[in-house]
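Remarks on the structure that follows.
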Amino acid sequence: MGCGAAGTCQGHKSPLPGAGRGGTACHDVGSGGRGGTGRVNFSVQRRDVDGVPVVSAVGELDGGSVELLAGELELALDALPPAIIVDLAGVTFIDSTGVRVVTRKQDSLVSLETRLYVVAPADRIREVFALTGTAEGVPLHRSLDEALVAAAQVPITPVVRVPAHGLAGPADAAALPRNRPSGA
């Protein structure tokens, strides 16, 4: 299931938040059901809006669906972005497991110099963050536009991945001393 270029999710027949702000078509990576009913009640989409990765969840975010969100967050973080937004505007229910999958990324993001922004317009979602004691550590925003403005304030720091062998690229290899005979 995918989404149309017009900014409407074809699987949900609903507009994508931020589609008018340079968002690309979303990538619906999966959905899950609850209680074996076959009813689809959760999906995750990852897209880029104004250069910021946005991972959106739709439906019930609980123990049965958190792995879909966790996997998509990992994929978004592979690019080492300076900011990432988790959009929970489409979430109808969240429990402490759902909050944990969002906030546990905060610890690893600090070491990657990536800032996390969470869109949570619904008071019932914000209350769960407050009840779990995580509302102060993770910025909650009422809209995607608000989160995008906050993310735009993040200074971009170039990050160079260093492979296991310790060299970042051919230029580093050229700078290494060569083994030369003692008379050379």
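The values are calculated or read from the model by the stated rules, or taken from the named source; none is laboratory data. Predicted model only: the values in this text are computed from it and were never measured. Counting neighbours? That spans all protein chains shown, and the Cβs are built from the backbone with ideal geometry, glycine included.
Tell me, please, whether a residue that is crowded, with 17+ Cβ neighbours inside 10 Å, over 16 Å from A76 (Cα atoms), in contact with a Ser or Thr (Cβ under 6 Å, 6 or more places away or on another chain) and among the polar types (S, T, N, Q) can be found in the range 128-138. So that I can check it myself, show each step before the final result.
Here is the first cut: in the range 128-138, the ones crowded, with 17+ Cβ neighbours inside 10 Å are 128-129, 134-135, 138.
Those still in the list that are over 16 Å from A76 (Cα atoms) too: 128-129, 134-135, 138.
Then drop every residue that is not in contact with a Ser or Thr (Cβ under 6 Å, 6 or more places away or on another chain), which leaves 134, 138.
Restricting the remaining residues to those that are among the polar types (S, T, N, Q) gives 134.
The answer is yes, given that some residue of the range 128-138 is crowded, with 17+ Cβ neighbours inside 10 Å, over 16 Å from A76 (Cα atoms), in contact with a Ser or Thr (Cβ under 6 Å, 6 or more places away or on another chain) and among the polar types (S, T, N, Q).
Among what's in the range 110-127 and is crowded, with 18+ Cβ neighbours inside 10 Å and of a type in the set (A, V, I, L, M), pick the residue that is modelled with the lowest pLDDT.
L116
For the range 51-65, which positions are closer than 19 Å to F93 by Cα and surrounded by fewer than 22 Cβ atoms within 10 Å (Cβ to Cβ)?
Residues of the range 51-65 that are closer than 19 Å to F93 by Cα, as a first pass: 55-65.
Of everything in the range 51-65, those that are closer than 19 Å to F93 by Cα and surrounded by fewer than 22 Cβ atoms within 10 Å (Cβ to Cβ) turn out to be E60, D62, G63, G64.
Spot the failing condition for E74; the list is (1) buried (at least 20 other Cβ atoms within 10 Å of the Cβ); (2) of a type outside the set (S, T, N, Q); (3) without any contact (Cβ under 8 Å) to a residue 40 or more places away in the chain, and only one is missed.
(1)
So in the range 97-115, with the set limited to residues that are outside any helix (DSSP H, G or I) and charged (D, E, K, R), which one is nearest to L73 (Cα to Cα)? Give the steps one after another, and end with the answer.
Of all residues in the range 97-115, those outside any helix (DSSP H, G or I) come to 113-115.
Add one more test, that the residue is charged (D, E, K, R), and what stays is 113, 115.
On the way: E113: 15, R115: 13 Å.
For the range 97-115, the residue satisfying everything is R115.
Please state which one of V154, V86, V118 is of a type in the set (A, V, I, L, M), in contact with a Lys or Arg (Cβ under 6 Å, 6 or more places away or on another chain) and not in a helix (DSSP H, G or I). Lay out the reasoning, then the answer.
Numbers: V86 fails: in contact with a Lys or Arg (Cβ under 6 Å, 6 or more places away or on another chain); V118 fails: in contact with a Lys or Arg (Cβ under 6 Å, 6 or more places away or on another chain).
Of the residues listed, the single one that is of a type in the set (A, V, I, L, M), in contact with a Lys or Arg (Cβ under 6 Å, 6 or more places away or on another chain) and not in a helix (DSSP H, G or I) is V154.
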